[in-house]
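Peer 1: This is the structure I have questions about; it appears just below.
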Amino acid sequence: MIQGIGASTGVAIGKAFVLPNWEWDLPEQKIDVGDLAREFERLYEGIRTSKVEIEQMKDDLREVVGPEESFIFDAHLAILDDPVFMNEIQGIIQRQYKAAEVAVKEAIDHFVTMFDLLDDEYMKERALDIKDVGNRLLKHLLGAPEITLPADTQPFILIAKELSPSQLAHLNPSHVLGIATLAGSMTSHSSIMARALGVPLVVGIESKLEEPIQTGDMLIIDGGLGIVHIEPEQSLVDYYTGKQILQREKKQQLKGIINFKPVTQDGKEMELSANISSLKELDVALSSGANGVGLFRTEFLYMDRSRLPREEEQFEVYRNVAEKLGQKPLIIRTLDIGGDKQLDYFELPEEDNPFLGYRAIRICLDKTDLFKTQLRAILRAGHYGNVKIMYPLISSVEEVRAANGLLQACKDELRAEGVPYAEDMKAGIMIELPAAVLIADMLAEEVDFFSIGTNDLIQFTLAVDRMNEQISHLYEPYHPSVLRMIKLTVEAAKRQGIHVGVCGEMAGDIKALPIWLALDVDELSMSSHSLLPVKERLLSLRQQESRDLFERLMRCKTSAEIHEIVKLKTADEQQTEAYPDMFRSS
């Protein structure tokens, strides 16, 4: 039994397919001066072939998921045109008289090593992109065969060193039974996306492996408990097959409450909405009974492409989502880049601490042309549905007024141009900074709604980078200070009579549901897979009992005390307790 980190619940039983790294050990190959022209021509032909191949992949993907998702390949095309990367390769060929494939391999190694040394998750992800593109180029120079996944008729468990969110977005869940990665963390973007897709995922198993997993190995993945079994005994296969049956029955049972009103036994109704970043995710959300979209992450329209999206491109995406929702609410968060989210084509300054730096609303208020392009697109989409706008990372009243001032300027422009738009669009803010919590009463006078972004609020309150594996254990949603921050925020919103919701990971945590009921929160917005489990528990609770429980929580001095009170054993934990010997022996 390999104990990793459970990042996405569910059970997978099947044979492994190990995703190759596309890496070769190349012998030193010197060339003569007279061969330089031939090597350069080989390089340029490899680049041309790679571009054609990537463009074809992009076109194929567009047919499946639409144009907004297919832009991920623009970043790979941009690398093949990047003068720094290409100059490095050309310089090695010309100055050191090395073969094209050796030069490409040395250039890849140089940039990957350089990026891996940086304490920056985004740069580490860019290193993965350079590996992908560089190794694709190497493949053509070496005449190596294309690496393909197993046939669609044979679903498999994917094993990889690590997966980027863009790679994960293109895996077909019906072909991939589950995933195990050697690296990664539960709070990474890939893990969040796997949960949204409903694919079982275990991460961080590299240090526990005595021997590498091989393609064809029989595996069991338990995403709830973070366990991987290699070549399991038949008794374990039988146990997990039974567990899969129970999970399928539970999933089927939950479908029976899709159309139920999300209301407690004593009458408190709660809006249950979805967090999405694409039309594809919207379909999953609606099929799970989402009341609307409480968070549309627009930065994914900007990422993994070679240029900023134009107003018309954004408008089409926002309008499609709004029309599909009808009169159900759609809250669109304005561009939230910086920190761990960078754009290849939009140069941000190097910062010692980018999470506390030039990001989100700070960029938008500085680059007003960029911001107004998005605001105009959102206002226009509002003409076709129940659209609201939300600003991220707000820390002051001045920022809210500046953003609303630009919003009004965009309304004036659209009116003058005779372009239809939502004249009375509601504007709200995310509460994710302690500064915003402490002036929540003042901010509530400036906006129409609050949405509590628990992920950032927790890490800023506790000064814990949740992506840092050394201290991620200190990232504690049930810290007494976090509960007090949440309480202050909701009370300020209620006094002003504005709508207040929650859109971070805590919104989908069923253990936290009594907290939201006790505080009389209006809306919870979460990953689609969490909607029905949260609704099921909501139907069994009473608001008054939740208020009594919350009073106990507010008297707790430690996170451990709080956990003991909100403790709710999952089906995974209950089943493990029922079969402890089986897990020890495996």
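Throughout, read-outs are computed from the coordinates displayed, never taken from laboratory work. Everything numeric here is computed off the predicted structure, so don't read it as measured data. Don't worry about glycine lacking a Cβ; one is built from the backbone with ideal geometry, like all the others, and counts go over all protein chains shown.
Peer 1: Distance cut-off 18 Å, Cα to Cα: go down the list Lys494/Lys567; Lys51/Lys161; Lys105/Lys139; Lys161/Lys280; Lys372/Lys411 and report the pairs above it.
Peer 2: On the way: Lys494/Lys567 28 Å; Lys51/Lys161 25 Å; Lys105/Lys139 11 Å; Lys161/Lys280 26 Å; Lys372/Lys411 10 Å.
Violating the 18 Å Cα-Cα cut-off are Lys494/Lys567; Lys51/Lys161; Lys161/Lys280.
Peer 1: How much length, in nm to one decimal, is gained on full extension between Glu445 and Glu351, taken as 0.36 nm per residue of separation minus their Cα-Cα distance?
Peer 2: Working: separation 94, 0.36 × 94 = 33.84 nm, distance 3.36 nm.
That works out to 30.5 nm of additional length.
Peer 1: Roughly how many whole Å is it from the C-alpha centroid of region 81-107 to that of region 222-288?
Peer 2: Each part's Cα centre sits 50 Å from the other's.
Peer 1: Given R₀ = 35 Å, FRET efficiency for Cys556-Arg362 by Cβ-Cβ distance, to 0.05? Numbers along the way, then the final one.
Peer 2: On the way: r = 35 Å, r/R0 = 1.01.
Approximately 0.50, to the nearest 0.05.
Peer 1: Let me ask you something else. Taking each pair of distinct Cα atoms in region 339-498 once, what is the resulting Kirkwood hydrodynamic radius in Å?
Peer 2: Working: mean 1/r = 0.0583 Å⁻¹.
Computed over region 339-498, the radius equals 17.1 Å.
Peer 1: Please give me, ordered by residue number, the trypsin sites (Lys or Arg not before Pro) of region 198-293 that lie in loop per DSSP and have at most 12 other Cβ atoms within 10 Å. Don't skip to the answer; put the middle values down first.
Peer 2: On the way: sites: Lys208, Lys243, Arg248, Lys250, Lys251, Lys255, Lys268, Lys280; in loops: Lys268.
Passing sites in region 198-293 do not exist.
Peer 1: Here's another thing I want to ask about it. Which three semi-axes in whole Å describe the equivalent ellipsoid of region 260-555, each the square root of 5 times a Cα gyration tensor eigenvalue, listed largest first? Can you show the working numbers first?
Peer 2: Numbers: eigenvalues 177, 105, 67 Å².
Largest first, region 260-555 gives 30, 23, 18 Å.
Peer 1: Taking the mean number of other Cβ atoms within 10 Å as a proxy for protection, how do you rank 416-423, 176-183 from highest to lowest? Walk me through the numbers on the way to the answer.
Peer 2: Details: 416-423: 12.4, 176-183: 24.1.
Descending packing order for the listed peptides: 176-183, 416-423.
Peer 1: Using the Cα atoms of region 287-377, I'd like the radius of gyration and the largest Cα-Cα distance, Dmax, both in angstrom.
Peer 2: 14.5, 45
Peer 1: Length gain on complete extension for the stretch Lys261 to Met114, per 0.36 nm per residue less the alpha carbon to alpha carbon distance? Please list the in-between numbers first.
Peer 2: Values: separation 147, 0.36 × 147 = 52.92 nm, distance 5.35 nm.
Extending this stretch completely gives an extra 47.6 nm.
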